[in-house]
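Reading through the structure tokens given below for one structure.
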Amino acid sequence: MIIKFGALRGSFGHLIMNTFAFFSKKNSNNLTVISTLKRNISNKYVYNLLVENFSSNKVIFLESYIVNFFYRLIFKLSKFVKPFSSFIANVEWIHRENPKKKYGTIYNFDQKYYRSPKKIKIPHEYKQYFNHWRKKKNLTKKIVCLHARDNYFYGEKSENPRNFNFRDFEYLIKKLIKKNYFVVRLGQKTKKIDLNIDKNFLDLWHVEKNNKKYQLLEMMLVQSSEFIVTSVGGFDAYAALFDKKIFQINHFPGGRLPSYNKCVFIPQLYLKNNKIINFREIPKEILLSENLSDLKKKNLKLRKNSKNEISDIVLNNLNKMHGKNLKDKKYKVEGSGGLICKSFFNKYKKFF
């Protein structure tokens, strides 16, 4: 028996996805010791869920500085002395194993665990806290969670193709409220936006940011929601954690399809000379690139989804998902499961 050492990836999306990816592999007789420092954990309640659900007599989770230091030491040594790699449980960097460099990325997100995610058990005290909060707010309607990745959380100064303006949800929010949903904007350190919408919309951060259990509240809102609407950028990992129905908007890059079980998506469109190009025309070497600089070198730009397109993908698929699977397209490099919205596909059919 070999003892392997590792750490969880701290950033939110990878905290979930890397953990799921690693433990979806065939179990061995090795003892795995995972030591993650508290300061590196983006959401302690999600972390606690992962620890609770993946711990076993062969998998031990710690928060030990000494064990974490030892893991990082042998990880560095493994770069120069290959036998040391036998002692590494590569949870932290599993998304960089077998990278698809010829398509413009140092990552590999073609994971099979999306198709049969682990059923996550929620502690009673988490449910109890959320039910108390919900009762206090007199919240009885069905919940929908919205999230727009922006540059405020990480303080990004350069343009990121995964970001978009939360105002693009305005039309959808009003429509969902008319259909008797309670709509919640999730995310931390978000810019306050006055949408002038009634009491059935909650901008959670700007109401609950002083709540010491904000992260628990956010997590439980997603867990109890009917569905989530978001783009690519970490928050969508909740769809894997809770096997949740997800509408993924402004999807990117063009060579990757969403792999969630219950997913309808609409992609950003590629432009050349301000005209939409067919996805088949995207150069192979940037099909998975997430860097705008790579697109600019090819004289390409991106066009984000409109407010109407964002509204349509949700309203047209509330009761039943209508979409087309693009997995057999030649420009598809990785991913499967997600369906492109039928109305969006028909609108831009000649470009797919």
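Things to note:
- Inter-centroid distance (Cα atoms) of the stretch 271-327 relative to the stretch 55-112, Å: 32 Å
- Computed about the Cα centre, the dipole magnitude for the stretch 132-351 is approximately 440 debye when only Lys and Arg (+1) and Asp and Glu (-1) carry charge, each at its Cβ.
- Extension gain for Asn30-Asn165 works out to 43.9 nm (0.36 nm per residue, less the C-alpha to C-alpha distance).
- Of all lysines in the structure, those lying under 24 Å Cα to Cα from Lys4, and not within fewer than 8 positions of it along the same chain, are Lys25, Lys26, Lys38, Lys44, Lys58, Lys76, Lys79, Lys82, Lys112, Lys118.
- Global form of the stretch 155-220, assessed from the alpha-carbon gyration tensor, a/c cut-off 1.5: oblate
- Prolate/oblate/rounded label for the stretch 129-250 (Cα gyration tensor, a/c 1.5): rounded
- Spin-label proximity, Glu52 to the stretch 123-148 - amide N less than 18 Å from point 7 Å beyond Cα toward beta carbon: 123-134
- Residues Ser293 and Ser86, FRET efficiency given R0 of 30 Å [Cβ-Cβ distance, rounded to 0.05]: 0.20
- Exposure proxy ranking, count of Cβ atoms within 10 Å, fewest first, for Lys135, Lys244: Lys135, Lys244
- Efficiency of FRET from Cβ geometry, Arg39 and Leu73, R₀ 22 Å, rounded to 0.05: 0.75
- Modelled label positions at Asn319 and Lys174, each set 7 Å beyond Cα in the direction of Cβ, lie 2.5 nm from each other.
- 14 Å reach of a label modelled at Lys102, 7 Å along Cα-to-Cβ, counting backbone N of the stretch 315-338: 333-334
- Extension gain, Lys284 to Lys330: 0.36 nm times the residue separation minus the Cα-Cα distance gives 15.5 nm.
- Oblate is the label for the chain, because the ratio a/c of its alpha-carbon gyration tensor axes (a ≥ b ≥ c) is 1.5 or higher and a/b is not greater than b/c.
A short reminder: the numbers here are calculations on the coordinates, not readings from a lab. The model shown is predicted, which means the values in this text are computed figures rather than measured ones. Note that we place each Cβ from the backbone using ideal geometry, even for glycine, and neighbour counts take in every protein chain shown.
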